[in-house]
1. Specify which of the listed residues (340, 289) is free of Cβ contacts under 8 Å to residues at least 40 places away in the same chain, closer than 26 Å to residue 370 by Cα and out of contact with any Cys (no Cβ under 8 Å at 6 or more places or on another chain).
2. Quick check: anything in segment 187-196 in a helix (DSSP H, G or I), acidic (Asp, Glu) and in the same structural domain as residue 233 (by TED's automatic domain parsing)?
3. Looking at segment 121-130, is at least one residue over 21 Å from residue 230 (Cα atoms), touching a residue at least 12 places away in the same chain (Cβ under 8 Å) and surrounded by 15 or more Cβ atoms within 10 Å (Cβ to Cβ)?
4. List the number of the failed condition for residue 27; all other conditions in (1) closer than 22 Å to residue 218 by Cβ; (2) modelled with pLDDT under 95; (3) surrounded by 14 or more Cβ atoms within 10 Å (Cβ to Cβ) hold.
5. Of all residues in segment 386-413, which are within 28 Å of the chain's Cα centre (by Cα) and over 20 Å from residue 282 (Cβ atoms)?
6. Can we say residue 210 is surrounded by 24 or more Cβ atoms within 10 Å (Cβ to Cβ) and either among the β-branched types (Val, Ile, Thr) or over 18 Å from residue 43 (Cβ atoms) (or both)?
7. When you check residue 272 against the structure, is it under 22 Å from residue 444 (Cα atoms), among the acidic types (Asp, Glu), in a helix (DSSP H, G or I) and assigned by TED's automatic domain parsing to the domain that holds residue 396, yes or no?
8. Condition first: of a type in the set (S, T, N, Q), under 30 Å from residue 433 (Cβ atoms) and in contact (Cβ under 8 Å) with a residue 24 or more places away in the chain. Now tell me which residues in segment 364-406 satisfy that.
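The values are calculated or read from the model by the stated rules, or taken from the named source; none is laboratory data. Since we're looking at a predicted model, the values are computed, not measured. With ideal geometry, Cβ positions are generated from the backbone for all residues, glycine too; neighbour counts draw on all protein chains shown.
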Amino acid sequence: MSQNFTAGREPVDGRMLIDGRMVESVDVQWLDSINPADETLLGRVPAGTRRDMDLAVAAAAKAQPAWAALPMARRAEIVNALADAIAPRAEEFAHLEALDTGNTLAPMRGDVKNAIERIRFAAGLVFEMKGETVPSTPGGLHMTIRVPFGVVGRIVPFNHPMMFAASRIAAAIVTGNTTVIKPAEQSPLSASLLGEICAQVLPPGVANIVTGGRDTGEALVRHPLVKRIAFIGSPMSGMAIQRAAAETAVKNVTLELGGKNPLIAFPDADPDKVAAAAVNGMNFGWQGQSCGSTSRILLHEDMHDTVVEKIVERVRKIKVGHPLDPQAQMGPINSKAQYQKVLSYIDVGRTEGGKLLAGGGVPKGDLFKKGYWVEPTVFGEMNRSMRLAREEVFGPVMSVFRFRTEDEAIAIANDVDLGLTAAIWTNDLQRALRLARRVEAGYVWINGVSAHFRGVPFGGFKNSGIGREEGIGELLSYTEEKAINIVAGAGE
């Protein structure tokens, strides 16, 4: 008999944050949020319309001049207060996120912790928004300053909704912008809780949160007063955002998009550590639904069989269970559409001739009779021509390849149109550095995987995006550079 972790929990109605107030949609429309573990109704949020977005952007535009006029130290103090207000409600956020996303509880606790740390990191970096002096003429003074864009639009994905929304609010507003956040429609509930906290801490209009579907996001992207857009999501959606943004104004757009990320291992690396890294890097705690997941494992032929056996052994021990079960290591896929996509790719892997080594179906048991459950899955004997080897699944599906030489490994690794992360496992430092330079990825680990390091810029090559976040470059990207020239003798 499976335990009911949500017994007695009633669905709740969320609200949007517009101009410092928690409100319903102008048209009183609602968007349901479904529990991916059992397909019951978790709650609902307003389905924001273009009229709601107009109100939110207008509030942000009205608040921005006074907010930007505050001393940097005061803005940093207020942003730090946002982190202080989130911290006591961390467990509330983690439980709500686990239910809404399907991600297990431990990673969601980590997401909230990361959000708080990143907010404080952004607040501390604001004094680095410096200009420079340029020795252009002997008598003149030539300098640059950093100025905010004005209103910034931010669209966040379903896999880390609270972490991305909260931390990305901080980077945008501490630099003097105001912002409008559009959460993912698949996991929107934590946005209402974050909105409540923002309403208590931030001046009205500085941060606004408008929930809704695709039309809501498009209204934000196309709004002529929004001059800066940042998006995390799929490459297809990223390209659509670039097109839509360009149709109303010249806008600054940054994109963190998908990944089909390789882990490349050589026989001088410890097989146990490589197997552990392969499984950890796949981010099964998020059901593989993370852009940085190392979903392609490239193993040198001399270690291939040994490491594959160890990977399969580890994957088969992963406990799939309810997101609130403290023992669960993997929960359900986030939504029905994503669930069907993952299953279709597993079918593709079978029909293409991949060797199914683990998983590939729905787990057995009463708990799994409803909901969007998939076993952690491993395919072996893959080749780079297969769709499963080239296209992002965004689910708990790992592909294993065999290679002989460095050149072959790099050819396999780079033979996709994505380039977000890569991991290289070897004790040969020269080889590690050679491959780190050759692999087409924006974030590379050597003898590591998965971890993000504070201040290190994160972002992708090719169709994995443009722009970098999580470092000083993220804050700088929310400002424009203005040149000021004082001409000597101009009054003579």
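1. Values: 289 fails: free of Cβ contacts under 8 Å to residues at least 40 places away in the same chain.
Being free of Cβ contacts under 8 Å to residues at least 40 places away in the same chain, closer than 26 Å to residue 370 by Cα and out of contact with any Cys (no Cβ under 8 Å at 6 or more places or on another chain) holds for just one of 340, 289, which is 340.
2. Initial filter on segment 187-196 (in a helix (DSSP H, G or I)): 189-196.
Subset that is acidic (Asp, Glu): 196.
Next cut, in the same structural domain as residue 233 (by TED's automatic domain parsing) only: 196.
Yes, the conditions are met somewhere in segment 187-196.
3. No, the conditions are met nowhere in segment 121-130.
4. Unmet for residue 27, out of (1) closer than 22 Å to residue 218 by Cβ; (2) modelled with pLDDT under 95; (3) surrounded by 14 or more Cβ atoms within 10 Å (Cβ to Cβ): (3).
5. Within segment 386-413, the subset within 28 Å of the chain's Cα centre (by Cα) is 386-401, 409-413.
Those that are within 28 Å of the chain's Cα centre (by Cα) and over 20 Å from residue 282 (Cβ atoms): 410, 411.
6. So residue 210 passes the test.
7. Working: under 22 Å from residue 444 (Cα atoms): yes; among the acidic types (Asp, Glu): yes; in a helix (DSSP H, G or I): yes; assigned by TED's automatic domain parsing to the domain that holds residue 396: yes.
Judged against the criteria, residue 272 is a match.
8. Result: 399, single match.
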